[in-house]
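Engineer: Please see the structure below; I have some questions.
Just so it is clear, none of the values below were taken in a lab; they were calculated from the coordinates. Source: prediction; values computed, not measured. When we count neighbours, we look across all protein chains shown, and the Cβ atoms used for this are built from the backbone with ideal geometry, even at glycine.
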Amino acid sequence: MNRPVSHGPEDGVRENGFPSPEEIMRQLQLILRSSSFQGSRRCQQFLEYACEKALEGDTGALKERAIAVQVFGRRPETTLGDDTIVRVGAREVRKRLAQFYVSPEGLSAPVHINLPPGSYVPEFSCPLEYKAATLHEEVAEEPGSVAAEISPKSRRSRLGIWVALSAILAIGALAIVTRTTGRSDPKLEAFRLFWGPVFNSPDPLLIGVSHPIVYQPSHRIAMLNAQRLGPAPFPMQREIQLPPEEINGSDMVPVPNQFVGFGDMVAANETTQMLARRGQKVHVALASSLNFADLRGSNTYLIGSLTNHWTMELSQNWPFQFGWTDRRDAAIRDTSSPTARQWIVASNGDGVTPEDYSLICRVRDSPTGGLLIVAAGLKQFGTEAAGRIIADPDAFGAILQKLPPGWQDRNLQIVVHVRVIGNSPARPELTAWRVW
């Protein structure tokens, strides 16, 4: 008794026991914010797009090519026989819907949203209300029976039976989907274990971002440079082209606590979006503006290494630590190793490098008294890559699966290697870890 769309004469009013568009949209938002869909932005976008188009009656927008273009960003001329992204995405949405409807929240949901196999048009129903109404009608039609004679207790009992049956059917659907996909999503479970204390806390996550000191040319140098190069609409975007003898140390003016590196910004943004999809809040601040009283008792996420003084302060007793080599190259050192191994990114003066290393930490017994998470690279590329992967359930879950059992109950540090291609970081690769 499902149907693709539910249009009635009045919004918010059920027609023949089917959910109204308002009820469907409310249920959709609950599903998108649920743990079953948390962390998969593409599945959220797929389901939201499908439901909105179905409610609009625009089933033409629910063809494979239209979804490939509108949801997955494919070009209209893409050969979909070779590109299965829509079919794979639909299977993932079906699996996550099955997971949701066997959860406590899903079992009591008044509206069911289903994506039938072989179709991209969602179906909407009110299973509990429909079953209760059907029971009422069946009893009323029996010879000598009167619907009014059904006691409230009896109705509740029969409704309870249908709730149990719905749960069994949902579990069966989950088993079928799991069998189809070949896995029960252990990566997602590992991701939840890593972020669990944050997900379960009612308080905002405190994010402390690096605070690099940026040097700007003095007014004198800016004027000399303008005279040498001529007028320009954006003079601050021009390199200084003056002889070395015309510049001295006082011409480089330090500007603290006003700038954030691009990699740090990306890392903060990725985690903020990931938590926002769960309805959780964050508080973002420059680490230089935070004192220890701000950190005490809070779940804290520190972004950046050598330019974040709280990362450097709190990591002094950790196995993996940030530091400098004798040549003043940035390094991650393994202080617990007899060989004192380290990972280095050599500096060539302009910040460009073909690779980077990142350190991801999760410390349960931090001096702050709360969970402490760190994502930091030796350069901005590593910080960006660490910040992206730590908010990606699939990619980060795959790394966490390689760790020894029980890591979630201990302190953890992970070193990852990052290739830099075209001034952008590639997906990190696990290099080393410490659990203590």
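Engineer: Between GLU52 and SER424, what length in nm is gained on full extension when 0.36 nm per residue of separation is reduced by their alpha carbon distance?
Structural biologist: 130.4 nm
Engineer: For the pair HIS309 and GLN241, what calculated FRET efficiency results from E = 1/(1 + (r/R0)^6), where r is the Cβ-Cβ distance and R0 = 30 Å, to the nearest 0.05?
Structural biologist: Rounded to the nearest 0.05, the efficiency is 0.30.
Engineer: For segment 343-397, which trypsin sites (Lys or Arg not before Pro) are in a loop by DSSP, counting at most 15 other Cβ atoms within 10 Å?
Structural biologist: Here the trypsin sites (Lys or Arg not before Pro) that fit, given the DSSP loop and packing criteria, are ARG364.
Engineer: Let me ask something additional. Could you work out how far the C-alpha centroid of segment 258-292 sits from that of segment 341-403, in angstrom?
Structural biologist: That distance is 15 Å.
Engineer: While we're on this one: Rounded to the nearest 0.05, what FRET efficiency do TYR215 and ASN317 give with R0 = 35 Å and r taken as the Cβ-Cβ distance? Could you check?
Structural biologist: The calculated FRET efficiency here is 0.60.
Engineer: If you don't mind, there's one more thing I want to ask. What's the ranking of 94-106, 278-290 by average number of surrounding C-beta atoms within 10 Å, highest first?
Structural biologist: So the peptides 94-106, 278-290, ranked by packing, come out 94-106, 278-290.
Engineer: Which entries of LYS95/LYS402; LYS187/LYS281; LYS53/LYS402; LYS53/LYS187; LYS63/LYS95 show an alpha-carbon separation above 29 angstrom in the structure shown?
Structural biologist: Table pairs above 29 Å Cα-Cα are LYS53/LYS402; LYS53/LYS187.
Engineer: Can you work out the FRET efficiency for the pair ALA346 and ARG87, with r the C-beta to C-beta distance and R0 = 45 Å, to the nearest 0.05? Before the final figure, lay out each step's value.
Structural biologist: Working: r = 46 Å, r/R0 = 1.01.
According to the calculation, E is roughly 0.50.
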